[in-house]
Amino acid sequence: MWIEYAYSIGEEKWGRWFQRAVRLPTAHLEVELAFPAELDPAVWGTETSMTAEAVPLRTAPMRRDEAGVRLFSWSTSTPALHARYRLEWRFRARPERDTNQGEFR
């Protein structure tokens with residue numbers, strides 16, 4: 001069986017990472033992230049399991065530019081069951097936003 005899906009989320013509803021857990025036996029997992037190229041995004045990732053701390057992905061995400069969009073793709077074959085893959089990013093052409101949301105009341 002092949003399952004493929006895509007979605008877009010605006011910056012106001014999204015954070016600085018995406019995580020996927022492998023809960024069923026999986027032959028191939030592929031993720032593609034698209035950002036405006038003018039933000040000069042940088043992307044990296046980690047893998048964790050039920051028995052190990054987070055380690056860098058074995059292969060780095062691949063980058064390509066297309067019509068003002070910077071695309072990052074990453075894939076792995078036969079990922080371990082219960083592994084978690086997390087891709088994180090930052091935008092080098094924009095200062096980091098203040099994440100302090102104020103006091104909880």
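The values are calculated or read from the model by the stated rules, or taken from the named source; none is laboratory data. Only a predicted model underlies this, so the values are computations on that prediction, with no experimental measurement involved. Here the Cβ positions follow ideal geometry from the backbone for every residue, glycine too, while neighbour counts run over all protein chains shown.
Figure legend. Inter-residue proximity from the range 1-27: first residues on the phi > 0 side of the Ramachandran plot, second residues loosely packed, with under 10 Cβ neighbours inside 10 Å and of a type in the set (Val, Ile, Thr), beta-carbon distance below 8 Å, spacing 6+ or different chains. No pairs are indicated. Residues that are within 28 Å of GLU11 (Cβ to Cβ) and polar (S, T, N, Q) were ranked within the range 71-95; the one that is nearest to the chain's Cα centre (by Cα) is SER73.
Return yes or no: is GLY15 modelled with pLDDT under 90, outside any strand (DSSP E or B) and within 11 Å of the chain's Cα centre (by Cα)? So GLY15 passes the test.
Go through GLU66, GLU47, GLU11 for me and flag whichever is out of contact with any Cys (no Cβ under 6 Å at 6 or more places or on another chain) and either of a type in the set (A, V, I, L, M) or surrounded by 15 or more Cβ atoms within 10 Å (Cβ to Cβ) (or both). From the options GLU66, GLU47, GLU11, the qualifying one is GLU47.
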